[in-house]
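Following: one structure in structure tokens, then a few remarks.
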Protein chains: 2
Amino acid sequence: MNGVSRVKIRPARSDDVAVIVAMLADDALGRARERLEVPLPESYFEAFAKVDRDPNIQLVVAEDGEGAVVGCLQLCILPGLSSQGASRGLIEDVRVASHCRSRGIGEQMVQWAVAEARAKGCKLVELLTHNTRVDAQRFYVRLGFAPSHVGMTLRF
Amino acid sequence: MNGVSRVKIRPARSDDVAVIVAMLADDALGRARERLEVPLPESYFEAFAKVDRDPNIQLVVAEDGEGAVVGCLQLCILPGLSSQGASRGLIEDVRVASHCRSRGIGEQMVQWAVAEARAKGCKLVELLTHNTRVDAQRFYVRLGFAPSHVGMTLRF
């Protein structure tokens with residue numbers, strides 16, 4: 001790690017959508033799935049509006065000392081009956097800007113999400129990471145996660 | 001498969017909570033996590049109330065021809081920015097009563113969830129299944145799912 005950059009974790013705003021999409025697209029898997037165009041397809045803003053009004057979902061960004069957005073993460077708090085009715089936290093869409101990696105930014109975001117899920121009464125935090133993302137898997141194990149499950153997906 | 005039992009998939013009601021918890025507990029992993037007591041701990045009913053008022057979550061049960069509840073499944077529709085702002089479907093807590101397995105009940109529930117997720121605009125349905133649940137993994141592959149991800153969990 002090239003030293004740690006302290007970041008501020010804050011809720012994403014609609015004017016962060018373009019930089020978030022740029023991070024989602026700057027990735028071997030994301031490149032094929034996103035449409036990083038100017039103007040950005042309206043579907044991204046519609047999705048942001050849905051996320052923004054859902055009280056169980058928090059889309060956050062990491063802001064560096066200059067106020068630049070250098071990371072993003074989405075946390076869903078999901079109620080359910082299992083584990084004696086404890087909610088679960090689901091972490092999705094974790095990205096760090098490519099020029100800011102290996103500075104502990106992903107770790108600060110994930111630790112924020114874990115603390116937030118605990119504070120909301122979750123007994124479990126879960127996430128899916130693609131089989132090919134071996135570095136990500138190591139990262140999560142370092143933060144205390146176990147590779148206990150198979151993540152199954154069906155894409156239409 | 002010992003022939004297919006057609007089931008009716010319907011939203012769970014609060015008077016289904018005990019039978020759902022019994023199914024969650026009737027399982028090597030669930031046994032240690034649940035408290036199948038009479039009366040049932042209030043936390044289960046509190047969780048049911050949260051699920052019931054969340055418009056993005058559907059907890060459903062499978063009812064056999066006699067009106068008995070023989071399966072359950074929870075589907076969450078999760079908005080998010082990735083994949084051009086498409087929502088994702090997350091399937092959780094899939095269970096079939098032990099005396100009713102191998103009759104296509106799980107398949108009918110999962111197919112219902114996949115159709116529902118598509119109808120709600122999802123481009124992806126995902127789920128985590130424990131590494132030890134090899135039969136479940138085979139079942140999901142048969143239904144078109146790919147074991148594409150590692151499911152990472154952190155339990156408090």
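Table for the structure above
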| read-out | value |
| --- | --- |
| Near pairs, Cβ below 6 angstrom, 6+ apart or cross-chain, from segment A:126-147 (more than 7 Å from chain B (Cβ to nearest Cβ)) to any residue that is among the hydrophobic types (A, V, I, L, M, F, W, C) | A:L143/A:V110 |
| Residue in segment B:93-103 that is modelled with pLDDT of 95 or more, assigned to a helix (DSSP H, G or I) and open to solvent by 30 Å² or more (accessible area, probe 1.4 Å) present | no |
| Residue within segment B:29-42 that is within 7 Å of chain A (Cβ to nearest Cβ) and not in a loop (DSSP other than H, G, I, E, B) present | no |
| Residues of segment B:7-19 that turn out to be farther than 20 Å from B:A136 by Cα and part of a loop (DSSP other than H, G, I, E, B), as a count | 2 |
| Odd one out for B:V70 among (1) open to solvent by 10 Å² or more (accessible area, probe 1.4 Å); (2) touching a helix residue (DSSP H, G or I) at 6+ places or on another chain (Cβ under 8 Å) | (1) |
| Which listed residue is over 21 Å from A:C122 (Cβ atoms), open to solvent by 40 Å² or more (accessible area, probe 1.4 Å) and out of contact with any Cys (no Cβ under 7 Å at 6 or more places or on another chain), from B:Q111, B:Q58 | B:Q111 |
| A:K120, sole failed condition from (1) open to solvent by 40 Å² or more (accessible area, probe 1.4 Å); (2) closer than 30 Å to B:P41 by Cα; (3) facing chain B (nearest Cβ under 8 Å) | (3) |
| Hey, B:R88 over 30 Å from A:L29 (Cβ atoms), modelled with pLDDT of 95 or more and either crowded, with 18+ Cβ neighbours inside 10 Å or under 14 Å from the mean Cα position of the chain (by Cα) (or both) or not | no |
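Here is a yes/no grid of residues against (1) part of a loop (DSSP other than H, G, I, E, B); (2) in contact (Cβ under 8 Å) with a residue 40 or more places away in the chain:
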{"position": "B:V21", "(1), (2)": "no, no"}
{"position": "B:D27", "(1), (2)": "yes, yes"}
{"position": "B:E46", "(1), (2)": "no, no"}
{"position": "B:A49", "(1), (2)": "no, no"}
{"position": "B:L59", "(1), (2)": "no, yes"}
{"position": "B:G67", "(1), (2)": "yes, no"}
{"position": "B:C76", "(1), (2)": "no, no"}
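The values are calculated or read from the model by the stated rules, or taken from the named source; none is laboratory data. As the structure is a computational prediction, the values presented were derived from the model and not from experiment. Positions of Cβ are generated from backbone atoms using ideal geometry, with glycine treated the same way; all protein chains shown enter the neighbour counts. The protein model used for the area step is the full one, side chains on, heavy atoms only, and it has no ligands, DNA or RNA in it. Shrake-Rupley method; radii C 1.70, N 1.55, O 1.52, S 1.80 Å.
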